[in-house]
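Here is the structure we will look at, set down as C-alpha cells.
The values are calculated or read from the model by the stated rules, or taken from the named source; none is laboratory data. In this text the structure is predicted, and so the values were computed from the model without any measurement. FYI the Cβ positions are ideal-geometry reconstructions off the backbone, even for glycines, and counts take in every protein chain you see. These accessible areas exclude ligands, DNA and RNA; they are computed on the full protein's heavy atoms, side chains included. Shrake-Rupley method; radii C 1.70, N 1.55, O 1.52, S 1.80 Å.
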Amino acid sequence: MIARQRIGLTFAAMLALLVAFAPWIAPYEPARQFSTHPFAPPMRPHVIDDEARLHAPFVYPLRLVDPLERGYVEDRTRVIPLRWLSGTLVRGADTEPWFPLGSDGLGRDVFSRVVLGARLSLGVALLAAVIALAIGALTGALAGYAGGWADSALMHLADLVLVLPGIYVVLALRGALPLVLTPRQVFTALVLVLGFVGWPAAARGVRGIFLIERRQEYAEAAKALGASPLRVIARHLLPASLGFLAVQASVLVPAFVMAEATLSYVGLGFAPPTPSWGAMLQDAGAARGGADAPWLLAPAGAIVLAVFSIHLASSGRDPLLWRDGES
Amino acid sequence: MIALLSSFDYDGARQHRGISTPGANRLAACRLLRQRVGPTRKNPRKSDDGDRPSNWPVSSRVARACRARYVCPLFALILAAVSGCRSSELSTRQGAGGPVRGGALVASLRSEPRTFNRYIDNSAAADATAALTQAKLVRINRKTEELEPWLAERWTASPDGRTFTLTLRQGVTFSDGVPFTSADVLFSFAAAYDPKLQSNLGSALRVEGKPLQIAAPDPATIVITLPAPFTPGLRLLDNLPIIPKHQLDPALKAGTFADAWGVTNGPGHMAGLGPFVVSEYVPGQRVTLTRNTRYWRKDASGGALPYLDRVVFEIASGQDAEVQRLESGSIDLLTQADIRPQDYASLKRLRDRGALTLIDVGTGVDPNVLWFNLARTPPARAYLQKSEFRQAISYAVDRDAIVNSVYLGAAVPVYGPVTPGNRIWFSDAAPKYPHDPERARALFAAIGLTDRNGDGMLEDASGAPVRFSILTQGGNIRAQTATVVQEHLRQAGITVDVVALDFPSIAQRWQSRDYDSIYYGFQFSAMDPAMTLDYWLSSGSLHFWNPEQKTPATPWERRIDELMQQQIAAPTLDERRRLFAEVQKIFGENLPGIYFIAPKVSIATNPRVAGAEPALLDPKILWNPDTLNVTDGAAAPHR
C-alpha cells in the first residue's frame, strides 16, 4: 500500500466514523429551527476572553441586527460555555445555540445537517455508483471482449438508456408511488433510479479499454496459455479498467449527490426536514450562499473530501494520470 | 371581472399567468393549465412557461391527464418581496429638466414569447408585449386604483348602472396609419368571445357567466350593456387590448387567428394603439420594441409620448440570471419586478453605491395559502373538516418565525386572503390568530385530538396519530415555509409530511381531489373583490378547497355567496366594504385556507430609469410605459 492510498483510507475511515456516530456528533436535531438565527455565520470557539482570562472552550452569542442584510454582531459581554458529552459530543446552551458551521435560512445548524446528511447522501451516492459501475463494467466487458453482435446489441442498449429522458421516467415513477414516501422508500428508489441511469458511460469506457487491451500481448499470451475467457476478463482485462472506473466513481458520486436534489423537485428526493447534501447545496444556491453565506457550501466541501478519499484510496494506479502510481 | 392569476417560481423559473372570471370560468382556468403543461393540439401556440426549472420537461402522461380535465388549477406562487428598503420615494425621480426624450430602456423577460397575440396567449411575455403595443378602452390606474379614460375619452351610465355609452377618442390611428373606429372595438369583442378561440380574455369579460352586449351606433360610439348588475362596471374592460380589424379580420374569418401575430410573422407587421411597436425578435435573446410615432397620447405639456425611443426585452433564463444582469447594469429593470429577500443584501450594497434604486412598494396583496381538501376528506382524517382543527393550526404556527427566517423580516403576518396592502378592501375586524400553543392544544382537545399514549404527539379517538400531508412546490420559498409550518405543528403534536412536487403533479392531485392540504399561492389582478368572485363563490373554479359546488356545501359558504352577490351590486363603496368585511370575518372564522404572511414588495431599477410608478399589482412598473424615460436619454445610443 502506498502512502497516497493510506491517506485516502484514513480520510475514508474518518468519514465512516462520522457517518456511524453522526447522531452523537451532531450538536442539534437537524430539523431544529432557531428562528432568531437565520443565516448565522460560523461561531468560532474561544478559550481566552477579551480580558485575557482563560476559560474552558466557549463562544460569544450572536445577535441579529439587520435581518435583510443578515447582519450579526457578537455579544462580547457574555460567554456561552460549550457543554461536553451532554447528549451529544459538544453543543452550546439550549437558548443560545452554537453553530460551528453557521446556520441556514431557517436557523438550522449546518454542521448537524452536514453530518447527518452524510448518511443519506453518501449512502445513496455510493451505493448507486457501485451499482452503476458494476452494471457498466459487466456490460462493457462483455461487449468489448465478445465483440460482434453482442457488442452492438449491448452498446445500443447503453445508447437507449443514455437518450432516455430520465426525468420523464422519474415523473411516471413518482406518479405510481404513494404520495408520502418514507426515507427508506426514497433511498431505495433513488439508488435504483441513479444506478440505472448511471451505467452506460462506464460501460462505454470499459468497452473501449477492452477493445484495445484484448489485443495486447499479455492478453493474447493468457489466451494462448489456455486461460478461459472469464479468467482473461477478470484477471487481466478488468484490472486495466480500474483506473477508469475509479475516475468514473469520482464523477458519479458528486453527480448523484446533486441528482438527489434535482429529483426532490419532482418529489423523489428526501422530504423536508430530512437533511441531504444535494438539497442543502440547492438551498445555498437559491440563498446566494456563495456571496452572502459561504458556510452554506459546507456540503460541497464534504463532497470534495469524500471524492478525494475515493480517489486516493481507490487504486494503486494513479486514477488521473492512469499510470502506475509508484512510478 | 378579472382575476389575473399567475405563478412564478422563486428560483428563477418563469412566470405564468392567466385570466379567470367569476361564475362559469372553467375554460379560463383550463387554458391556464393547458398553457402550463404545454402546447395543445387545438392551440399550438399556447405558451409553456410554467414555473418549473427549464431542465425538467413535463411528463406527457401528466400533461395529458391535466389536459383531459376541464378544471385546472390556478395556482400561483407569490413572489415574496423584500422591504426594509428605506427609500422614501414611491416613484423614481424625474430629472431636473423634466422627462428626457429618447434612449432605450432594457427590461428582462423570464420566458420566451410564443406569440404576440395576447388573445390566445396569457403568458407573461405576451402580456408584457401587449401592455406596450396595445391600448384599452379604459384603464385602471395601478397607483390610484381609479378608472381612467383611455381610448374611450368619456362615457355615461344609464340610471340602473347596466348600460354604458362610451365616446371614442377622435383622430386616433393605429401604428400603420389606419384610423381607429368602433368597428375595431366590435371586432375585439367578437374575437374575445369567439367560441372557437376560447380566449381567456373573453371568459374574463363576463358577468355571472354571460357576455356583455356590445353595440356601435356610429364610428365614435360604443354602447355596452351588462347582463346583470355589477357595480365595478367598466373596470371589466381594463384587460381587453383593442386589436386592428383591418389586419386580423381575415384571419379570424379563416380560422387562422391563433397563428396571426406569431413570433415569426408578427414582428414589424403588427398594428397597435399602444406606445410601441414590435420591431425585432431574436429567439432566445431579445424582443425590441420601437416608438410608435402615431401614438395618440400626449404628456401634460402637450408633448408627444412615449418618451423612450426603444424598449428592449432581454430574455433571461431564470431569476438568478435576471438579478445578475440587473446588478451588472446590463438591464434596467425586471419585468416581473419584485426582488427576493435573498437578493436584498447585494442589491442594497449597489444602492448604497448609487448603482441601483430600491423602491418599497408596500405589503404584497397575494399571500400564499395553506388550504385543506374540504371536497373529499378521507374518513380516517375527518378532523380536517373541522374548523376548530384549522383554527388550532393557525394558532400553532408562529408567523413571526416565518417572517424572520424565511422572509428575513421582509413580510408581515396575515390571517386572511385580503392583506393590509389592499388598503380599500382590507378589514381589520376579521379574526386574528396570534401564536398561542396553549389555545391550539385546547382546540385540538375540543375535537378529541389529545396525546393518548404519552408520546407527546396527538392521537384521534381511535388512537391513530394525527397526521396529514402538505403538497407544495419544491426548492423555493414555499417549500421553506411549509418546513417551518411542519416544525411548529410537530411541536404542537401533529406530524406533517411535506411533499414537494412539480407543479403539474400538484395540479393533477388537486383536480382529482387527491390530497390533504396544499400550500400554494395565487395572484389577483385586481384589488376589487368583485373581480375575484371565482375565488369567493362556492360555484367558482378557484374556490380552491372545494371548487365548483352545485349548491353551497356549508352554511357559511352559502352566506358568503349571498354577501358577495349583494356586494357586487351594492350601490355605494361604503356598503360594499361593509359587506366584504363581513365576508372576511366569516372566512376568518371558518378558515378554509390558512394564511400566514404577506411579503413586503420592493422593486429595484437602474438609477437611469425615471417616471416609474411601481404598483403592487402586475405589471408593477410597465403599466405606464408611455411616461417611463431614462435620464441619459439619447445620450446613450449604445443601449
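For region B:221-326, the fraction of C-alpha pairs farther apart than 23 angstrom is 52 percent.
The mean number of Cβ atoms from other chains found within 10 Å of a Cβ in peptide A:70-77 is 1, as a whole number. For region B:288-311 and region B:380-407, what is the separation of their Cα centres, given in Å? Spelled out, the Cα-based centre of one part sits 51 Å from the other.
When we measure straight from the Cα of residue B:196, which lysines land under 16 angstrom away, once same-chain ones fewer than 8 places off are left out? Straight-distance partners of residue B:196: B:42, B:46, B:253.
For region B:572-639, what class follows from the C-alpha gyration tensor (a ≥ b ≥ c being the square roots of its eigenvalues): rounded when a/c is under 1.5, otherwise prolate if a/b is larger than b/c, else oblate?
Since a/c reaches 1.5 and a/b is larger than b/c, the shape of region B:572-639 is classed as prolate.
The slack between residue A:24 and residue A:216, meaning 0.36 nm per residue of separation minus the straight C-alpha distance, is 63.8 nm. Backbone amide hydrogens, once placed in the peptide plane, bring residue B:286 within less than 5 Å of B:315, excluding anything fewer than 5 places away on its chain. For the protein assembly as shown, with all protein chains in place and a probe radius of 1.4 Å, 58% of the accessible heavy-atom surface sits on carbon or sulfur.
Equivalent ellipsoid semi-axes for region B:489-565, as square roots of 5 times the alpha carbon gyration tensor eigenvalues: give them largest first, rounded to whole Å.
One finds semi-axes of 26, 16, 14 Å for region B:489-565.
Free of any GluC sites (Glu not before Pro) that DSSP assigns to a loop and that have at most 14 other C-beta atoms within 10 Å, the longest stretch within chain A is A:52-325.
Database remark: amide H of residue B:610 closer than 5 angstrom to the amide H of B:629, B:630, B:631 (H placed geometrically; neighbours at sequence offset of 5 or more, or on other chains; Pro and chain starts carry no H). Computed over protein heavy atoms with a 1.4 Å probe, the accessible surface of region B:214-317 works out to 38 Å² per residue. Expressed in Å, the radius of gyration and Dmax of the Cα atoms of chain A are 24.2, 82. The residue A:169 and residue B:550 beta-carbon pair, evaluated with R₀ = 41 Å, returns a calculated FRET efficiency of approximately 0.55.
Solvent-accessible surface, computed for protein heavy atoms with a probe of 1.4 Å, shrinks by 30 Å² or more for the following residues of region B:394-424 when the other protein chains are added to the isolated chain: B:404, B:405, B:408.
So what's the gap between the Cα centers of region A:76-142 and region B:210-234, to the nearest angstrom? Cα centroid to Cα centroid, the span is 65 Å. For region B:223-244, the residues whose backbone nitrogen is under 13 Å from a point 7 Å from the Cα of residue B:194, taken along Cα to Cβ, are B:243-244. Other protein chain C-beta atoms within 10 Å of residue C-beta, averaged over B:341-350: 5.
With a simple spin-label model that places each label point 7 Å from the Cα along the Cα-to-Cβ direction, the separation between residue A:10 and residue B:586 comes to 7.4 nm.
Which aspartates and glutamates, if any, have their Cα less than 18 Å from the Cα of residue B:143, not counting same-chain residues under 8 positions apart? Of all the aspartates and glutamates, those that pass the test against residue B:143 - Cα under 18 Å, at least 8 places apart if same chain - are B:89, B:238, B:299, B:338, B:360, B:366, B:528, B:613, B:618, B:626. Across the protein chains, with a 1.4 Å probe defining accessible surface, the residues B:235, A:32, B:340, B:154 rank B:154, A:32, B:235, B:340 from largest area downward. Accessible surface comparison of B:253, B:600, probe 1.4 Å, protein chains only, largest first: the order is B:253, B:600.
Using a probe of 1.4 Å on the protein chains alone, the accessible area found for residue A:242 is around 90 Å².
Interface A-B: total buried accessible area of about 3400 Å², 1.4 Å probe, protein heavy atoms only. Counts of other chain beta carbons within 10 angstrom of each beta carbon in peptide B:486-495 average 2.
For residue B:514, the solvent-accessible surface computed with a 1.4 Å probe is close to 70 Å², ligands and nucleic acids excluded. The calculated 222 nm mean residue ellipticity attributable to helices in the protein assembly as shown amounts to -11500 deg cm²/dmol, summing -39500 (n - 2.57) over DSSP H runs of n ≥ 4 and dividing by all residues. Counting heavy atoms of the protein chains alone, residue A:35 has an accessible area of about 40 Å² for a 1.4 Å probe.
Among the chymotrypsin sites (Phe, Trp or Tyr not before Pro) within region B:151-203, which fall in a DSSP loop and have no more than 13 other Cβ atoms within 10 Å of their own Cβ?
none
One equal scatterer on each Cα of region A:161-289, no solvent, Debye formula: the resulting log10 I(q)/I(0) at q = 0.13, 0.18, 0.20 Å⁻¹ is -0.68, -0.96, -1.09.
Here the Kirkwood formula, the inverse mean of 1/r across different C-alpha pairs, assigns region A:43-98 a hydrodynamic radius of 12.1 Å. Please work out the FRET efficiency for the pair residue A:65 and residue A:176, using the Cβ-Cβ distance as r and a Förster radius of 51 Å; give the result to the nearest 0.05. That gives a FRET efficiency of 0.50. For chain A, averaging the sequence separation of C-alpha pairs within contact (under 8 Å, six or more residues apart) and dividing by the residue count gives a relative contact order of 23 percent. With just the Cα atoms defining each centre, how far is region A:13-69 from region B:150-178? Give it in Å. Cα centres, region A:13-69 to region B:150-178: 67 Å.
The simple spin-label model puts a point 7 Å past each Cα toward its Cβ; for residue A:150 and residue B:143 those points are separated by 7.9 nm.
Interface burial in region B:506-533 reaches 50 Å² or more for B:509, comparing the full protein assembly with the chain by itself; accessible area from heavy atoms with a 1.4 Å probe. Which shape class applies to region B:124-254: rounded if a/c is under 1.5, otherwise prolate when a/b exceeds b/c and oblate if not, where a ≥ b ≥ c are the square roots of the Cα gyration tensor eigenvalues? Taking the square roots of the gyration eigenvalues as a ≥ b ≥ c, region B:124-254 is rounded. With one equal scatterer per alpha carbon and no solvent term, the Debye-computed log10 I(q)/I(0) for the protein assembly as shown at 0.05, 0.06, 0.07, 0.09 1/Å reads -0.34, -0.49, -0.66, -1.03.
Under the membrane-span-like helix rule (DSSP H runs whose alpha carbons stretch at least 30 Å along the helix axis, mean Kyte-Doolittle hydropathy -0.5 or higher), chain A yields A:110-146, A:183-213, A:238-265. With a Förster radius of 35 Å applied to the beta-carbon distance between residue B:424 and residue B:186, the computed FRET efficiency rounds to 0.60. Extension gain for the segment residue B:436 to residue B:569, taken as residue separation times 0.36 nm less the Cα-Cα distance, is 43.9 nm to one decimal.
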